[in-house]
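The values are calculated or read from the model by the stated rules, or taken from the named source; none is laboratory data. Keep in mind that this is a model prediction, so the values were computed, not measured. Quick reminder, even Gly has a Cβ in these numbers, built from the backbone with ideal geometry, and neighbours come from all protein chains shown.
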Ligand code: 9YT
């Protein structure tokens, strides 16, 4: 059994920060669960383009408010506590928030731990055109 607390992750290699977010990656590939499990904060006033080409991901909002656009359909969804979205088709998407968001994220296959942006397929919006075809 694995029992782990958020504060044990803080300041370790499993706490990863990027321009628009920071993430405590609580379970990783090395834990052998078949998925990774993250507690992620999306910073206030941000807009993040993401495209996980190699992973499926479920995201469950527990704090804050935002807006998700599915770039494959153009559909926009409100994100608030109790909303889950599942990227079951490697959809390109944009997440916007004024308040900031706290999200519980599950990835399959699991992340190794240190992926950010390019390695993971998550790019800032300004790079979208260049890198996401
Ligand atoms: C909301 C979202 O897609 N988060 C992705 C996971 C997080 N950025 C991480 O741990 O890489």
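If I ask for residues that are under 23 Å from residue 82 (Cα atoms), modelled with pLDDT of 95 or more and part of a loop (DSSP other than H, G, I, E, B), which ones from region 19-47 would you list?
35, 43, 44, 45
Out of curiosity, is residue 12 more than 9 Å from the ligand (Cβ to nearest atom), at negative phi and in a loop (DSSP other than H, G, I, E, B)?
Here the answer is yes, as residue 12 does meet what is asked.
State all residues of region 82-96 that are over 12 Å from residue 61 (Cα atoms) and more than 10 Å from the ligand (Cβ to nearest atom); if no residue qualifies, say none.
Across region 82-96, the qualifying residues are 88, 89, 90, 91, 92, 94, 96.
Find the residue count for region 48-65, including only residues that are assigned to a strand (DSSP E or B), at pLDDT below 95 and either on the phi > 0 side of the Ramachandran plot or in contact with a helix residue (DSSP H, G or I) (Cβ under 8 Å, 6 or more places away or on another chain) (or both).
Within region 48-65, residues that are assigned to a strand (DSSP E or B), at pLDDT below 95 and either on the phi > 0 side of the Ramachandran plot or in contact with a helix residue (DSSP H, G or I) (Cβ under 8 Å, 6 or more places away or on another chain) (or both) number 2.
Looking at residue 72 and the list (1) in contact with a strand residue (DSSP E or B) (Cβ under 6 Å, 6 or more places away or on another chain); (2) part of a loop (DSSP other than H, G, I, E, B); (3) away from the ligand (no atom under 13 Å from the Cβ); (4) free of Cβ contacts under 8 Å to residues at least 60 places away in the same chain, which single condition is not satisfied?
Only one criterion is unmet by residue 72, namely (1).
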